[in-house]
Amino acid sequence: MSEDAVLLPISHFHEGLTAGDPDLVLAALGSEFIMFNGNYSADPTAWQAHLFLTGQALEAWPEAFLREAGPYENQYEFSHTHVRGNAAIVVTRETGRNRFRSWQDEIVAWLLGRRDGEWRIVGYFIRDIRNPE
């Protein structure tokens with residue numbers, strides 16, 4: 001199995017956000033998508049659930065996110081990949097900004113699943129962000 005196949009949805013996700021293309025973002029996602037925040041802590045008792053999307057809410061999310069948070073800029077590099085069967089975790093280091101925040105060397109853990117031979121993003125965890133109050 002090629003590691004590139006696992007990394008491709010993450011690349012498409014970022015390309016879609018930076019190009020303002022919600023369809024490319026959506027194509028990178030699985031049928032369910034969950035986000036978690038680390039609340040600036042390595043202590044899991046501080047972590048927060050952010051959102052879980054399925055169906056119409058998932059389909060509408062990329063366009064709504066780009067409209068509300070855009071423009072979106074981000075540079076990323078892959079720093080770790082582990083695949084076991086149809087599950088994968090990929091870690092990136094990212095620097096960028098959108099309308100609401102900016103980030104520098106932020107660590108993002110991407111969770112992916114493979115269904116019918118296709119890898120899709122099913123969730124991610126960003127340690128250095130918290131839910132809005």
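Computed from the coordinates by the stated procedures, all read-outs in this text should not be read as laboratory data. None of these values were measured; they are calculated from a predicted model. Cβ placement follows ideal geometry from the backbone for every residue including glycine, while neighbour counts extend to all protein chains displayed.
The figures follow:
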read-out: Around Arg93: net Lys/Arg minus Asp/Glu count, Cβ-Cβ under 9 Å; value: -4
read-out: Residue-averaged [θ]222 nm for the chain, counting only DSSP H segments that reach four residues, each worth -39500 (n - 2.57); value: -9500 deg cm²/dmol
read-out: Cα gyration tensor, region 1-108 - rounded (a/c under 1.5), prolate or oblate; value: rounded
